[in-house]
Amino acid sequence: MSGWLDGLLVVSLLVTAVAVLLSRDLFRAVVMFMAFGLLMALAWVRLQAQDIALAEVAIGAGLTGVLLLDAVSHFRRARPQHRSRGTE
Amino acid sequence: MSLNLLYALAGVALCGIGLAGFLLLNHLLRRLLAFNLLGSGVFLVLVGLAQHGDGPDPVPQALVLTGIVVAIAATALAIVLIRRYFHLTGRTSLDTGNNAGDGGGES
Amino acid sequence: MGFVVALAAAVLGAAGAAAPSELSDQLQASLARSGVEHPVTAVLLNFRSYDTLLEIGVLVIAGMAGISLASTNALEDPALRSADSLLYALQRWFVPVMLLLAAYLLWAGADRPGGAFQAGAVLAATGVLMRLGGLPMAFIRPGILLRLGLVLGFAVFLLVAVAGALNGEAFLAYPVTIAGGLILIIEIGLTFSIGMILLALFVAAPVTDEHEPEEGGGL
């Protein structure tokens, strides 16, 4: 049961990582990166590293996400004619 | 295969993904994301491999905790630099060639 | 691809070797003398405190670089504030709770997961929320307060280290009896500094478009 869960977690980690790099929209890439940070926090909990999990939640998903989203919105505002249209 | 080794191998795969993205992508922000993925992979390898034998090991955990905080500081500084670069040149990639100013999606 | 295969082979080889390490045994043996009960905190702030000292030094340098890259008036620009009333209402509840959470994380670091890094990150997130909601934050202006906040953790850490050295101990070795108190003091300083540095890097990021970029850009 638990091995199945870990396999699922690892697979979703890798899928999210690929999605970060392959998504056409920059905003989507950043959101994927935040999801990746949360999954990483779960992985740290599974590795019995609660300290790192706490830091990862606060930093990887929270602070980095805000910083990156801020930068993305800045790029968009400065160049509205190049605004990404999303992948779908 | 033990649980920790599984995560170490996932870290290896993450390293590969991050390195490929870092080399192949043009947009600076995407490169930064790829760099962070690479870092996460390294952290996973460190902790997963060290804990492979006998239970949780505080020493690599403390090492990785330090690494995460340094990584966020480096990321924040890189964002400041990228935005400054964009402000001064209007470009978001380091190439001087024809794809200057293209917002992204070269992957 | 070859890189990944080689790395995987190396990892499997290292896992197969399973070198017996006395490091965790040594850690368990000397944990009682470290002043804290949580092994990760003990490693970070006592046994390997040199790493942590250099780390906060790296953070201070990154913060200074970020601030010096920012144009000065961008640090407190009313135009960057959001007028979202929902955010304003939210942060009236969230800011005190997040400050409390940061204090708890700092305090919990002694005997369970938690500590200065997590608390500093939560503190920085609180600052970001306040910044986005447009609360007045006079301390973030470039000035003596900001600089003091940036170097506080590093200074406290270095002070303790040098005091220990002057006292006849090794550099960065604390006397066993007051190690817990010293670690707590260092952690408080570290928390403030990490929060300030990350917040300063966030605040330094926006570049206002009003004025033309000057050559060199403050480098």
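The values are calculated or read from the model by the stated rules, or taken from the named source; none is laboratory data. These numbers were taken from a predicted model, which means no experiment stands behind them. Every residue, glycine as well, gets a Cβ built from its backbone with ideal geometry; the counts of neighbours run over all protein chains shown. These area figures cover heavy atoms from the full protein model, side chains too; ligands, DNA and RNA do not enter into them. Shrake-Rupley method; radii C 1.70, N 1.55, O 1.52, S 1.80 Å.
With (1) open to solvent by 10 Å² or more (accessible area, probe 1.4 Å); (2) in contact (Cβ under 8 Å) with a residue 60 or more places away in the chain; (3) touching a helix residue (DSSP H, G or I) at 6+ places or on another chain (Cβ under 8 Å) as the list, and B:HIS27 as the residue in question, which single condition is left unmet?
That leaves (1) as the condition not met.
Which count do you get for residues in the range C:87-130 that are part of a helix (DSSP H, G or I), within 30 Å of C:SER34 (Cβ to Cβ) and within 8 Å of chain A (Cβ to nearest Cβ)?
7
Inside the range C:21-44, can you point out the residues that are over 16 Å from C:GLY181 (Cα atoms) and open to solvent by 50 Å² or more (accessible area, probe 1.4 Å)?
C:SER21, C:GLU22, C:LEU23, C:ASP25, C:GLN26, C:GLN28, C:ALA29 - these are the residues of the range C:21-44 that are over 16 Å from C:GLY181 (Cα atoms) and open to solvent by 50 Å² or more (accessible area, probe 1.4 Å).
Between A:LEU26, A:LEU68, A:LEU9, A:LEU5, which is surrounded by 22 or more Cβ atoms within 10 Å (Cβ to Cβ) and away from chain C (no Cβ under 14 Å)?
On the way: A:LEU68 fails: away from chain C (no Cβ under 14 Å); A:LEU9 fails: surrounded by 22 or more Cβ atoms within 10 Å (Cβ to Cβ); A:LEU5 fails: surrounded by 22 or more Cβ atoms within 10 Å (Cβ to Cβ).
Exactly one of A:LEU26, A:LEU68, A:LEU9, A:LEU5 is surrounded by 22 or more Cβ atoms within 10 Å (Cβ to Cβ) and away from chain C (no Cβ under 14 Å), namely A:LEU26.
Helices (runs of 4 or more DSSP H) wholly in the range A:1-61 with at least 2 residues that are within 11 Å of the chain's Cα centre (by Cα) and at pLDDT 90 or above - which ones?
In the range A:1-61, the matching helices (runs of 4 or more DSSP H) lie at A:2-22, A:26-46.
Going by the structure shown, is C:ALA163 surrounded by fewer than 16 Cβ atoms within 10 Å (Cβ to Cβ), under 28 Å from C:GLU37 (Cβ atoms) and either at pLDDT below 75 or of a type in the set (Ser, Thr, Tyr) (or both)?
no
Does the range B:73-87 contain at least one residue that is more than 19 Å from the chain's Cα centre (by Cα), at the interface with chain C (Cβ under 7 Å from one of its Cβ atoms) and either aliphatic (A, V, I, L, M) or more than 27 Å from A:ALA49 (Cα to Cα) (or both)?
Yes, the conditions are met somewhere in the range B:73-87.
Of all residues in the range B:1-42, which are within 11 Å of chain C (Cβ to nearest Cβ) and either outside any helix (DSSP H, G or I) or in contact with a strand residue (DSSP E or B) (Cβ under 9 Å, 6 or more places away or on another chain) (or both)?
Selection gives B:MET1, B:SER2.
In the range C:1-72, which helices (runs of 4 or more DSSP H) lie fully inside it and hold 1 or more residues that are over 29 Å from C:GLY115 (Cβ atoms), at the interface with chain B (Cβ under 9 Å from one of its Cβ atoms) and modelled with pLDDT of 75 or more?
Filter on the range C:1-72 gives C:2-17, C:49-69.
If you go through the range B:43-62 one residue at a time, do you hit one that is closer than 22 Å to C:ILE61 by Cβ and facing chain C (nearest Cβ under 8 Å)?
Within the range B:43-62, one or more residues are closer than 22 Å to C:ILE61 by Cβ and facing chain C (nearest Cβ under 8 Å).
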